[in-house]
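The values are calculated or read from the model by the stated rules, or taken from the named source; none is laboratory data. If you're wondering where the values come from, they're calculated on a predicted model, not measured in any experiment. Glycine also receives a Cβ, built like all others from the backbone with ideal geometry; neighbour counts cover every protein chain displayed. Protein only, heavy atoms only, side chains kept; ligands, DNA and RNA dropped before computing areas. Shrake-Rupley method; radii C 1.70, N 1.55, O 1.52, S 1.80 Å.
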Amino acid sequence: MIRLALLRHGHTSWNRAGRIQGRTDIPLDPEAADVLRSLALPRPWDTCALASSPLARAAETARLVSGREPEKVPALMEMDWGDWEGLHAADLHAAEDADHRPIETWGWNYTPPNGEAPAALRERLKPWAENLSEDTLAVCHIGVMRAALALATGWQFEGPAPFRIKRNRLYVIRIADGEWYLEPDTIPLVERSM
Ligand SMILES: O=C(O)[C@H](O)COP(=O)(O)O
């Protein structure tokens, strides 16, 4: 059995503006970097293997909370939102011709135009996670975390998700023999001692 702890990156200007980022490489904004600089990983996650998405917002978050350089893992790249990247989510909701649907109605196979379905994300994430040989902390994105937590809870992207993804806390998944299980309690980052 290994444990995989997931952490979402800090805010970017696009997060604050409600713009869809996907694979667009938007860095942390200065306020987010300040917040993360004041936080640290709790034990034992401060010394475990450290991975991140190749995107700057995730790698920088990993560096700020750990003081270490993460291994950049393509499997942790954010879901590809295709033609919707750069758009404001609110505009997309309002547009009648965008075929935009709430995530709770997607199922695993709905695909944003020229983007990636959660099922495709699952297929790149599973082999990486199931081949880990030690407990690992992965700094990544809400789309990746949603797919991982869906695998770990049985949620099928239909109806309300049985989890809420918040920043600055670890979501710990136990993986053994291809079975994923979400630990019930999340673990907050801790204040960095000066
Ligand atoms: O904008 C996006 O790509 C997602 O909705 C949020 O992804 P993030 O976790 O990379 O901000």
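Provide the solvent-accessible area of Met77, counting protein heavy atoms only and rolling a 1.4 Å probe, rounded to the nearest 10 Å².
40 Å²
Taking springs between alpha-carbon atoms closer than 10 angstrom, which of Arg57, Arg122, Arg101 fluctuates most in the Gaussian network model of the chain?
In this elastic network of the chain, the residue with the biggest mean-square fluctuation among Arg57, Arg122, Arg101 is Arg101.
What are the equivalent ellipsoid semi-axes of segment 108-161, built from the alpha-carbon gyration tensor (square roots of five times its eigenvalues), in whole angstrom, biggest first?
Calculated on Cα positions only, the semi-axes equal 21, 13, 10 Å.
Expressed as a whole number of Å, what is the distance separating the alpha-carbon centroids of segment 112-135 and segment 18-90?
Result: 17 Å between the Cα centres.
Arg23: accessible area at probe 1.4 Å, nearest 10 Å²?
The accessible area of Arg23 comes to roughly 90 Å².
To the nearest 10 square angstrom, what accessible area does Thr105 show with a 1.4 Å probe?
Ignoring ligands and nucleic acids, Thr105 comes out at about 70 Å².
Compactness ratio of segment 37-110: Cα Rg over 2.2 N^0.38 Å, N = residue count? Don't skip to the answer; put the middle values down first.
On the way: Rg = 17.1 Å, N = 74, 2.2 N^0.38 = 11.3 Å.
The reported ratio for this selection is 1.51.
Mind ranking Lys166, Lys126 by accessible surface for me, highest first, 1.4 Å probe? It would help to have the intermediate numbers written out before the result.
On the way: Lys166 95, Lys126 50 Å².
The residues order as Lys166, Lys126, largest area first.
So for the chain, Kirkwood radius off the Cα pairs, Stokes-Einstein at 37 °C and 0.692 mPa s: how many µm² s⁻¹?
Details: Rh = 17.0 Å.
Using the Kirkwood radius from Cα pairs, D works out to 193 µm²/s.
With a 1.4 Å probe and all protein chains in place, put Val73, Val35 in order of accessible area, largest first.
On the way: Val73 5, Val35 65 Å².
Final ranking, largest accessible area leading: Val35, Val73.
Considering only DSSP states other than H, G, I, E and B, which GluC sites (Glu not before Pro) in segment 87-167 qualify as loop sites with at most 13 other Cβ atoms within 10 Å? If you can, show how the numbers build up before the last one.
Values: sites: Glu96, Glu104, Glu116, Glu123, Glu130, Glu134, Glu158; in loops: Glu96, Glu116, Glu134, Glu158.
Answer in residue order: Glu96, Glu134, Glu158.
Using a 1.4 Å probe on the protein chains only, how many percent of the accessible area of the chain belongs to carbon and sulfur? Provide the component values of the computation, followed by the final result.
Values: 4550 of 9260 Å².
Looking at the chain in its full context, I get 49 percent from C and S.
Multiplying the sequence separation of Arg16 and Ser38 by 0.36 nm and subtracting their Cα-Cα distance, what value in nm do you get? Intermediate values should be presented prior to the final figure.
Numbers: separation 22, 0.36 × 22 = 7.92 nm, distance 2.02 nm.
So the extension gain works out to 5.9 nm.
With the other protein chains left in place, how much accessible area per residue, in square angstrom, belongs to the chain at a 1.4 angstrom probe?
Details: 9260 Å² over 194 residues.
I get 48 Å² per residue for the chain.
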